[in-house]
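Read-outs throughout are calculated quantities, based only on the coordinates presented, and are distinct from any laboratory measurement. Please read all numbers here as calculations on a predicted model, not as lab measurements. Ideal geometry is used to build each Cβ from the backbone, glycine not excepted, and the neighbour counts take in all protein chains shown.
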């Protein structure tokens, strides 16, 4: 097997392990997916891997359930750096206006990955939120959403944001979507990363 293919396979395995170990609450192995100085960006949280583990544990203990499902993965490798884009869905179940609902958000994980001491790990994960929907678990129960509040969130994750804000999380309102200046800036950062340049993690 040529070195480039081996690198891409290792990175794909890394991305898959992230989802499996995070959703299984296997925090020790999940920690190995990250560089210690890495950063996780999400609608409801932005911070270091250790902070992400702590808030995820705390949320799980309070009944927060966020699950992930992965699709195709495209990996670009340049020396010891890589960008991986992976199709994914994020699903979360919670009460929305008193009705138990599922929100499913479709998008991509856009990962800045680096090999250090022979080990590939994530330096920065920035999801791209493309579209979402909300469904009551009981089809006969219909939540009465505050339309103005719903429409105040970005199109790609407005139902997810509505749910998360409703259970007390501060939601970041400028995350990349399918189109727009945020995702274009992310692509530019990805190109810089592959050229060996520093990137912003905010």
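Can you tell me which residue within segment 43-54, out of those that are surrounded by 17 or more Cβ atoms within 10 Å (Cβ to Cβ) and either without any contact (Cβ under 8 Å) to a residue 60 or more places away in the chain or in contact with a strand residue (DSSP E or B) (Cβ under 8 Å, 6 or more places away or on another chain) (or both), is nearest to residue 21 (Cα to Cα)?
It comes out as 53.
Within the group 149, 158, 133, which residue is closer than 19 Å to residue 93 by Cβ, surrounded by fewer than 17 Cβ atoms within 10 Å (Cβ to Cβ) and touching a helix residue (DSSP H, G or I) at 6+ places or on another chain (Cβ under 8 Å)? Please lay out each step first, then the result.
Numbers: 149 fails: closer than 19 Å to residue 93 by Cβ; 158 fails: surrounded by fewer than 17 Cβ atoms within 10 Å (Cβ to Cβ).
Step by step, each of 149, 158, 133 is checked, and only 133 is closer than 19 Å to residue 93 by Cβ, surrounded by fewer than 17 Cβ atoms within 10 Å (Cβ to Cβ) and touching a helix residue (DSSP H, G or I) at 6+ places or on another chain (Cβ under 8 Å).
List the helices (runs of 4 or more DSSP H) that sit entirely inside segment 96-202 and contain at least 3 residues that are closer than 22 Å to residue 83 by Cα.
Details: elements: 147-151, 158-166, 181-194.
Correct list: 181-194.
Could you tell me whether any residue of segment 69-80 is crowded, with 21+ Cβ neighbours inside 10 Å, in contact (Cβ under 8 Å) with a residue 12 or more places away in the chain, under 23 Å from residue 172 (Cα atoms) and touching a strand residue (DSSP E or B) at 6+ places or on another chain (Cβ under 9 Å)?
no
I need the full set of residues from segment 1-51 which are assigned to a helix (DSSP H, G or I) and closer than 16 Å to residue 80 by Cα, in order please.
From segment 1-51, those assigned to a helix (DSSP H, G or I) are 3-23, 27-31, 49-51; that's our starting set.
Across segment 1-51, the qualifying residues are 3, 4, 5, 6, 7, 8, 9, 10, 11, 12, 14.
Quick one: what pairs do we get from segment 2-20, first residue surrounded by 12 or more Cβ atoms within 10 Å (Cβ to Cβ), second in a helix (DSSP H, G or I), C-beta under 9 Å, 6+ apart or different chains?
Pairs found: 17/29; 17/30; 18/30; 20/29; 20/30.
Provide a single number: the residues in segment 52-95 that are in a helix (DSSP H, G or I) and either over 16 Å from the mean Cα position of the chain (by Cα) or farther than 30 Å from residue 6 by Cα (or both). Talk me through it step by step, then tell me what you get.
Taking segment 52-95 first, the residues in a helix (DSSP H, G or I) are 52-61.
Subset that is either over 16 Å from the mean Cα position of the chain (by Cα) or farther than 30 Å from residue 6 by Cα (or both): 54-61.
Matching residues across segment 52-95 total 8.
Being surrounded by fewer than 21 Cβ atoms within 10 Å (Cβ to Cβ) and either over 18 Å from residue 20 (Cα atoms) or out of contact with any strand residue (DSSP E or B) (no Cβ under 9 Å at 6 or more places or on another chain) (or both) is the filter here, so list the residues in segment 97-118 that pass it.
Pass one, segment 97-118, residues surrounded by fewer than 21 Cβ atoms within 10 Å (Cβ to Cβ): 97-100, 102, 104, 106, 114-118.
Result: 97, 98, 99, 100, 102, 114, 115, 116, 117, 118.
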